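Contents: one structure, followed by commentary.
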Amino acid sequence: ANTDQWQKLKTWIALQEDWEITVDDGNFIQAIVKTPMMRFRDDVQLLFVPDDRLIQVRSSSRLGLSDLGTNARRVDTLREQLGP
């Protein structure tokens, strides 16, 4: 990932109605995402490592034993925003 892709991803996140960015520290974002149906609050952290051209993503549910694949789908959606 490059700087342009990181900026594009940050812009996409900021436009999502169910995402609330709680920390934006340049190369690190922390957000709370509310799930559509049950309005559970999930935590998402993204770290851009420019020297390695890498974006690390962590998405985790606060409650429940199973997220029914929600966090994996969220990571896939974020990956899709970076383009081919």
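Only protein atoms count toward the accessible area here, which uses a 1.4 Å probe; on the chain, the carbon and sulfur part of that area reaches 52 percent. Give the angle, between 0 and 90 degrees and rounded to the nearest 10, that separates the Cα long axis of helix 70-81 from the longest principal axis of the Cα atoms of the chain. Between the helix axis and the principal axis of the chain, the angle is about 30 degrees. Taken per residue, the accessible surface of the chain reaches 68 Å², heavy atoms only and a 1.4 Å probe. Computed from Cα atoms, the angle from the helix 3-15 axis to the main principal axis of the chain rounds to 30 degrees. Using equal-weight Cα scatterers in the Debye expression, the normalised intensity of the chain in log10 at q = 0.13 Å⁻¹ is -0.39. Relative contact order (percent) for the chain, with alpha-carbon contacts under 8 angstrom and 6 or more residues of separation? With pairs under 8 Å counted, the relative contact order is 24 percent.
The values are calculated or read from the model by the stated rules, or taken from the named source; none is laboratory data. Computed from a predicted structure; not experimentally measured. These area figures cover heavy atoms from the full protein model, side chains too; ligands, DNA and RNA do not enter into them. Shrake-Rupley method; radii C 1.70, N 1.55, O 1.52, S 1.80 Å.
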